[in-house]
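A.B. asks: Attaching a single structure in structure tokens format; questions to follow.
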Amino acid sequence: MSPARILVFGRTGQVGSALSALDGCGAQITALGRAEADLINPSACIAAIKTHHPDAVINAAAYTSVDAAETDRDTARVINAAAPAAMARFCAAQGIPFVTISTDYVFSGKGTKPWTPTDLPDPQNTYGRTKREGEVAVASAGGRYAILRTSWVVSAHGRNFITTMVTLGASRDALAVVSDQIGAPTAAANIAQACVTIAKTLVSEPEKSGIYHLSGTPHTTWADVARMVFSHASITCDVQDIPTRDYPTAAARPLNSRLDCTTTRAAFGISQADWRVSVAGIIDQLNDKNEVISA
Ligand SMILES: NC(=O)C1=CN([C@@H]2O[C@H](COP(=O)(O)OP(=O)(O)OC[C@H]3O[C@@H](n4cnc5c(N)ncnc54)[C@H](OP(=O)(O)O)[C@@H]3O)[C@@H](O)[C@H]2O)C=CC1
Ligand SMILES: Cc1cn([C@H]2C[C@H](O)[C@@H](COP(=O)(O)OP(=O)(O)O[C@H]3O[C@@H](C)C(=O)[C@@H](O)[C@H]3O)O2)c(=O)[nH]c1=O
Ligand SMILES: [Mg+2]
């Protein structure tokens with residue numbers, strides 16, 4: 001049997017880049033960027049799916065600037081909700097499995113229990129609300145689909161908490177970092193691999209459609225992630241623990257971002273990676289690209 005042909009939206013992002021890197025590893029990946037398919041124009045996305053007629057579609061594109069979304073609501077809503085909705089409806093009509101990525105930010109952040117896929121979402125910011133609207137539309141499009149919620153995405157590519165810490169840490173003696181948001185970093189490479197596994201499974205097992213969770217393990221805080229980054233990168237920068245209220249931002253962040261990933265393992269055999277191993281590997285990659293200035 002020839003490998004599954006998978007069409008990816010979001011080529012330049014953290015997960016999109018990791019998906020491109022999987023081309024030839026059990027799937028034939030074609031990744032589209034903004035120039036080929038701008039999500040602000042959902043019909044352009046449908047046209048792209050029509051042109052490529054893939055075996056499955058993975059949407060890794062999103063409006064991910066959490067604070068900017070507060071004042072750029074309409075754009076965030078089209079990209080995070082209307083575009084995936086249109087893709088999912090078209091895929092449903094064509095019988096093509098559709099996989100899209102969502103976020104821990106669809107939850108309220110209350111309590112300490114890890115969120116399961118059936119827990120009731122209650123987003124506290126615009127990014128989370130638009131992502132939730134996308135989830136609802138995709139789930140009700142009538143086709144085979146998966147919504148993979150993840151958290152705290154990290155990679156050696158693009159902007160994320162690790163690259164921010166490496167940049168800031170090089171020029172500071174100390175940094176105040178929130179220590180009351182609990183969750184786990186998730187490597188973009190692990191999310192990409194999971195999306196491909198899920199997409200391929202849905203081709204033959206449509207009954208596995210649904211919402212799933214995937215994050216790294218064990219649970220931690222941003223402050224501890226920062227400490228791990230500085231230690232592994234040999235950057236001398238003291239991390240001071242602060243509560244979220246001392247780091248004011250336009251968008252509210254959930255305190256409890258723990259994701260229960262049990263059903264993802266049960267349905268697809270996908271296990272959670274140790275984020276400390278992922279972060280160490282990412283710093284090694286940044287070192288190879290000379291992007292770490294140890295001081
Ligand atoms: N980053 C995180 O911490 C988390 C992310 N997620 C979710 O994971 C998924 C992947 O995120 P991640 O890889 O980190 O995202 P990035 O921010 O790294 O990349 C976003 C991608 O979306 C693309 N994009 C944005 N707007 C448009 C548009 N109008 N038309 C076409 N493409 C567009 C960007 O393209 P361009 O380069 O042209 O701007 C880029 O390729 C998203 O669904 C996100 O919501 C979930 C939890 C945490
Ligand atoms: C730079 C910096 C950030 N922080 C805090 C702010 C924030 O609460 C936390 C993480 O910073 P970030 O900018 O990565 O946060 P943020 O962009 O909100 O990250 C989120 O992105 C979206 C797309 C998601 O879906 C989420 O899972 C999550 O990863 O660290 C500090 O406390 N000190 C600092 O110096
Ligand atoms: Mg950010």
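A.B. asks: Take Ile101 and decide whether it is outside any helix (DSSP H, G or I), of a type in the set (A, V, I, L, M) and open to solvent by 20 Å² or more (accessible area, probe 1.4 Å).
C.D. replies: yes
A.B. asks: Residues of region 41-56 being closer than 30 Å to Arg253 by Cα and open to solvent by less than 50 Å² (accessible area, probe 1.4 Å), which ones? First the steps, then the outcome.
C.D. replies: Initially, region 41-56 is screened for residues closer than 30 Å to Arg253 by Cα, giving 41-42.
Passing the criteria: only Pro42.
A.B. asks: Right, next: What's the number of the only condition in (1) under 23 Å from Ile270 (Cα atoms); (2) within 16 Å of ligand 1 (Cβ to nearest atom); (3) in a loop (DSSP other than H, G, I, E, B) that Gln124 fails to meet?
C.D. replies: Of the numbered conditions (1) under 23 Å from Ile270 (Cα atoms); (2) within 16 Å of ligand 1 (Cβ to nearest atom); (3) in a loop (DSSP other than H, G, I, E, B), the odd one out for Gln124 is (1).
A.B. asks: Can you tell me which residues in region 129-145 are in contact (Cβ under 8 Å) with a residue 40 or more places away in the chain and either touching a Leu at 6+ places or on another chain (Cβ under 6 Å) or farther than 25 Å from Pro97 by Cβ (or both)?
C.D. replies: Of everything in region 129-145, just one residue is in contact (Cβ under 8 Å) with a residue 40 or more places away in the chain and either touching a Leu at 6+ places or on another chain (Cβ under 6 Å) or farther than 25 Å from Pro97 by Cβ (or both), namely Arg144.
A.B. asks: Identify the single condition in (1) more than 15 Å from the chain's Cα centre (by Cα); (2) surrounded by fewer than 21 Cβ atoms within 10 Å (Cβ to Cβ); (3) within 15 Å of ligand 2 (Cβ to nearest atom) that Val66 does not satisfy, given that it satisfies every other one.
C.D. replies: (1)
A.B. asks: Output the number of residues of region 146-168 satisfying the condition of being under 28 Å from Asp55 (Cβ atoms) and either surrounded by fewer than 21 Cβ atoms within 10 Å (Cβ to Cβ) or in contact with a Gly (Cβ under 8 Å, 6 or more places away or on another chain) (or both).
C.D. replies: 3
A.B. asks: Continuing with the same structure: Report those helices (runs of 4 or more DSSP H) wholly inside region 186-295 carrying at least 2 residues which are open to solvent by 10 Å² or more (accessible area, probe 1.4 Å) and within 16 Å of ligand 3 (Cβ to nearest atom).
C.D. replies: Passing ranges: none, list empty.
A.B. asks: For region 5-40, give me each residue that is of a type in the set (S, T, N, Q) and either under 17 Å from the mean Cα position of the chain (by Cα) or open to solvent by 60 Å² or more (accessible area, probe 1.4 Å) (or both).
C.D. replies: Thr12, Gln14, Ser17, Ser20, Gln28
A.B. asks: Looking at (1) open to solvent by 50 Å² or more (accessible area, probe 1.4 Å); (2) of a type outside the set (Lys, Arg); (3) touching a residue at least 12 places away in the same chain (Cβ under 8 Å); (4) part of a helix (DSSP H, G or I), which is the only condition Ala82 fails?
C.D. replies: It is condition (1) that Ala82 fails.
The values are calculated or read from the model by the stated rules, or taken from the named source; none is laboratory data. Since this is a predicted model, take the numbers as computed values, not measurements. Every residue, glycine among them, receives a Cβ derived from its backbone with ideal geometry; neighbour counts consider all protein chains shown. The area values use the complete protein model at the heavy-atom level, side chains included, leaving out ligands, DNA and RNA. Shrake-Rupley method; radii C 1.70, N 1.55, O 1.52, S 1.80 Å.
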